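Right, one structure below, let's go through it.
Read-outs throughout are calculated quantities, based only on the coordinates presented, and are distinct from any laboratory measurement. Note that the structure is a prediction, hence the values are computed from the model and not measured. Cβ atoms come from the backbone with ideal geometry, glycine included; neighbour counts cover every protein chain shown.
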Amino acid sequence: MNLSLLLLTPLITAVAVLFCRGLNGIRWVSLAGTTVQLLLSFGLLALYWKERATDHAHLQLFEYRHAWFASLNIGYHVGVDGLSVAMILLTAFIMVAAVLVSWRVERMSKEFFFLLLVLSAGAYGFFISLDLFTLFFFLEVSVIPKFLLIGIWGSGRKEYSAMKLALMLMGGSALVFVGLLGLYYHTGGVGGPHTFDMPVLLASGLPAGVTRVFFPFLFVGFGIFTALFPFHTWVPDGHSSAPTAASMFLAGVSMKLGGYGCLRMVFLMPEAAREYSPYIIGLATIAIVYGAFATMMQKDLKYINAYSSISHCGFILLGIGMLTETAIRGAVLQMISHGLMTALFFAAIGMIYDRTHTRLVERLGGLLKTMPFISTLFVIAGLCSLGLPGLSGFVAEITVFMGSWQRTGEMYRLATILACASIVITAVYILRATGQTIMGPLREPNYNGLTDATWNEKLAGILLGAGIIAIGVAPFWLNELIIK
Amino acid sequence: MPLTHVCFLVACLSISGIPPFSGFFSKEDILLAAWQTNKLVYGIGLFTSGLTAFYMFRLYFSIFWNKPREEHPHKMHKLPLVESIPLVILALGAAFAGFIPFSRLMSPGSVPETAHGIGLMAVPPVALALLGIGIAAYLYGKESDRPAKVAAAFRGFYTFAYHKFYIDEVYAFVTKKIIFNLIGRPAAWIDRNIVDGLMNGLATGTAWTSAGIKRVQSGKVQDYILYFFVGIAGLTVLFIYIYT
């Protein structure tokens, strides 16, 4: 399969949106484009399985290499392994759902869908890149549209949040870039042809002195994208100010760019990763516990989900930091699970906000009576978040914990125990939020006339909910995909 | 409601450990094991089994033997089949499940446990259970002021037990006062003010630096000439200092 199709489809759709007339045209073209992309991703999955069954020699499949800037030895080099396929599927799922919940965006909708699609193209490009330079390029592509999406279509302190998110993520990218250059100039000997190509770097190996210096740059840089403590403060502001679809993409995919990047760096520089792993684990544990406690005190539904994302993304970093095979597999499962779950959460919160015009927990109540469908989505997302067996959150978290426990040593045990204990706090804030917003008597009489989800919202919810349940009930296919 | 009455009585007898109901057998095995390993645990178990008989029969006597306290708005009705059938199935289990030799099905290793005979060890728990039932019958068999008198006699303990030994209050204190106020609130505050303040401080610091440097690039020729001469003077001083 030609992987460039995955990059071209969203870009062509984005351009097509610009030529659309009328709101309906824009909506349907976006939906068609993202649906085609979802089908392509499933096609990729099927082809990958088929190819992998016979080809055990190559780490990456469907490779394609084209010299981009030949003088600097920068290439457009793409290829996928199981990890990338899983992330591409996740992105495709979230994009279809994001377009479906954006049906109500009527102000400057052409620009809105255009930016959303460009954002997704950046993510797809990131997941298929094997050249570190193109990887970085696509990382940047997926930052700038976020600034505009939040700044223009956001709510609350949107300008502040957009600026904060863009600056902090840019800071992360800057660290990544320094790290990349550092690796680049230490390849191929003095004056030799330097390279950004990951498989080449992996095959030739990097000197320990170089990785010791540049691994932290790369890891922290990517870590900022996945809410590494203490660089996580863009998360609550950015997520809560963003429009629903952007929140879904931000939490569901953008934060996973970071996790994916961190993981690639660990694969690239295993010795350096081992050396720094206690620090990674320390920061991840702080993020998990501290994020959970901070969530408990939030009053705005979006802030609750954003802070809980900090805690949940801590599990990703914890799994990566533990460096055992099971823990890393758990981290990947958590990326997928958290992506779907948090997208569903933000979708449900967006639907509630559209109708009640508030996201404050204390001003909501009894929504199950007027919006049973939306409330059910909210409850499913909540239960997944607190790790109920049968939903994907449980599968991911238990894998991380089991993998973490395999790493022996007092500090690692302590980190694992603290991380496990934080689940209780998760239950506290999720059940409190659910109890106060969904259950109980109707808080305000005018909530009585509110309508339940429309067809497009239902479809988006079913899509994400089905993903959560499918992974929760039958995680083995995904598990196998990641291993191979 | 005779069916409910019978089933309730069976359940009470079973849980009190009266032979040959199923509760008797399970309690018997557990108490025997306790006797063999730890006498204190056995004593506590024995006492509690009497207590169980007492509180279950207190419930039974109050519900089925006394007159209804007040007129209920809706009359009691016969049980429909969907309720009576499960009730009967469970009651049969409670009555006869003790005769299934569970101990032979369960084993610590691959060797089945040998069943213990029922011997003298069965006497104390059953006696205590009967005593509990007797006290319950005395206090609650007919409506009287006897329970109130007992409560008055043990006032302190009665209130303590009535409030579930204040365990819920302890929980509420720990969660509300300690976890919410002493951990959650500071964590949220620190995040908004200190951690985020640090990040915003970086941005503000950059803005200040830029505002400070900005003045250097004023575009005024006079300023540039001034910097030029200050620079020359500075360098001259530096060179003189170096070469002498």
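Just add up the charged neighbours of A:GLN406: K/R +1, D/E -1, any other residue whose Cβ is under 14 Å from the Cβ of A:GLN406. Could the numbers behind the result be given before it?
Numbers: positive: A:ARG329, A:ARG407, A:ARG413; negative: A:GLU325.
Overall, the nearby charge balance is +2.
Report the local net charge at A:MET95: Lys and Arg +1, Asp and Glu -1, summed over other residues whose C-beta lies under 15 Å from its C-beta. Each step should come with its number before you reach the end.
Working: positive: A:ARG27, A:LYS146, A:LYS256; negative: none.
Around A:MET95, the surrounding residues sum to +3.
Using +1 at the Cβ of each Lys and Arg and -1 at the Cβ of each Asp and Glu in the protein assembly as shown, identify which of A:MET335, B:TYR140, B:SER22 lies farthest towards the dipole's positive end.
Value computed over the given set: B:TYR140.
Find which of A:LEU18, A:CYS262, B:LEU182 sits farthest along the positive direction of the dipole of the protein assembly as shown, computed with +1 on the beta-carbon of Lys and Arg, -1 on that of Asp and Glu, about the Cα centre.
Checked the options; the winner is B:LEU182.
Relative to the first principal axis of the alpha-carbon coordinates of chain A, what is the inclination of helix A:208-225, with its axis defined by its Cα atoms, in degrees from 0 to 90 and to the nearest 10?
Once rounded, one gets 20 degrees.
Return the calculated 222 nm mean residue ellipticity for chain A, to the nearest 500 deg cm²/dmol, obtained by summing -39500 (n - 2.57) across DSSP H runs with n ≥ 4 and dividing by the residue count. Let's see the in-between values first.
Working: 21 runs with 357 residues, N = 484.
So the calculated ellipticity at 222 nm is -24500 deg cm²/dmol.
In terms of modelled amide H atoms, which long-range or inter-chain residues lie less than 5 Å from the amide H of A:THR187?
A:THR195
Counting other C-beta atoms within 10 Å, which of A:SER311, A:SER30 has the fewest, and how do the rest follow?
Working: A:SER311 26, A:SER30 30.
Fewest-to-most ranking of A:SER311, A:SER30: A:SER311, A:SER30.
Under a Cβ-Cβ cut-off of 12 Å, what is the net charge of the residues other than A:MET1 that fall near it, where Lys and Arg count +1 and Asp and Glu count -1? Could the numbers behind the result be given before it?
Numbers: positive: A:LYS50; negative: A:GLU51, A:GLU63.
Taking every Cβ under 12 Å from that of A:MET1, the sum is -1.
Pairs of alpha-carbon atoms within less than 8 angstrom and 6+ residues apart define the contacts here; what relative contact order does the range A:70-201 have, in percent? All intermediate terms of the calculation are to be shown ahead of the outcome.
Details: 133 pairs, mean separation 38.9, N = 132.
It comes to 29 percent, rounded to a whole number.
Going by alpha carbons, how many degrees (0 to 90, nearest 10) lie between the helix axis of A:82-101 and the longest principal axis of chain A?
30
Which listed residue (A:TYR184, A:VAL361, A:SER308) has the Cα farthest towards the positive end of the charge dipole for the protein assembly as shown, taking +1 on Lys and Arg C-beta and -1 on Asp and Glu C-beta about the Cα centre?
So the residue furthest toward the plus end is A:VAL361.
In debye, nearest 20, what is the charge dipole magnitude of chain B about its Cα centre with +1 on Lys and Arg Cβ and -1 on Asp and Glu Cβ, if you could check? Could you put the intermediate results ahead of the total?
Details: 20 positive and 13 negative charges, 106 e Å.
So the magnitude is around 500 debye.
With a 10 Å Cβ neighbour count serving as the proxy for reagent exposure, in which order, fewest first, do A:THR426, B:THR52, A:THR34 appear? Before the final figure, lay out the partial values.
Numbers: A:THR426 23, B:THR52 19, A:THR34 27.
Sorted ascending by nearby Cβ count, the order is B:THR52, A:THR426, A:THR34.
When the dipole is taken about the Cα centre of chain A, and only Lys, Arg (+1) and Asp, Glu (-1) are charged at their Cβ, what size is it in debye, to the nearest 20? Each step should come with its number before you reach the end.
Working: 29 positive and 23 negative charges, 178 e Å.
The calculation lands at about 860 debye.
Could you list A:TYR48, B:TYR171, B:TYR55 so that the one with the fewest beta carbons within 10 Å of its beta carbon is first and the one with the most is last?
Working: A:TYR48 22, B:TYR171 10, B:TYR55 14.
Fewest-to-most ranking of A:TYR48, B:TYR171, B:TYR55: B:TYR171, B:TYR55, A:TYR48.
Residues with amide H under 5 Å of A:TRP68's amide H, sequence separation 5 or more or different chain, H placed in the peptide plane at 1.01 Å from N; which?
A:ILE74, A:GLY75, A:TYR76
Is it possible to state the helix-based mean residue ellipticity at 222 nm for chain B, with each DSSP H run of 4+ residues giving -39500 (n - 2.57), the sum divided by total residues, to the nearest 500 deg cm²/dmol? What is it?
After summing the helix terms and dividing by the residues of chain B, the value is -21500 deg cm²/dmol.
Give me the lysines in straight-line cross-link reach of A:LYS302: C-alpha distance below 26 Å, same-chain residues under 8 apart excluded.
List returned: A:LYS110, A:LYS146, A:LYS158, A:LYS164, A:LYS256, A:LYS369, A:LYS458, B:LYS176, B:LYS177.
Determine the distance separating the Cα centre of the range A:404-470 from the Cα centre of the range B:130-196; give it in Å without decimals.
30
With charges only on Cβ, +1 for K and R and -1 for D and E, what is the dipole size of the range B:169-243 about its Cα centre, in debye, rounded to 20?
Result for the range B:169-243 is approximately 140 debye, rounded to the nearest 20.
Using only Cα atoms, tell me the angle between helix A:372-385 and the longest principal axis of chain A; keep it within 0 to 90° and round to the nearest 10.
Here the helix axis deviates by roughly 40 degrees.
Quote the relative contact order of the range A:387-484 in percent (integer), defining contacts as alpha-carbon pairs under 8 Å separated by 6+ residues.
Numbers: 41 pairs, mean separation 49.0, N = 98.
After rounding, I find 50 percent.
Would you kindly work out the equivalent ellipsoid of chain A from its C-alpha gyration tensor and give its semi-axes, the square roots of five times the eigenvalues, largest first in whole Å? Write out the running numbers ahead of the final one.
Numbers: eigenvalues 238, 138, 81 Å².
With the √(5λ) rule applied to chain A, the semi-axes are 35, 26, 20 Å.
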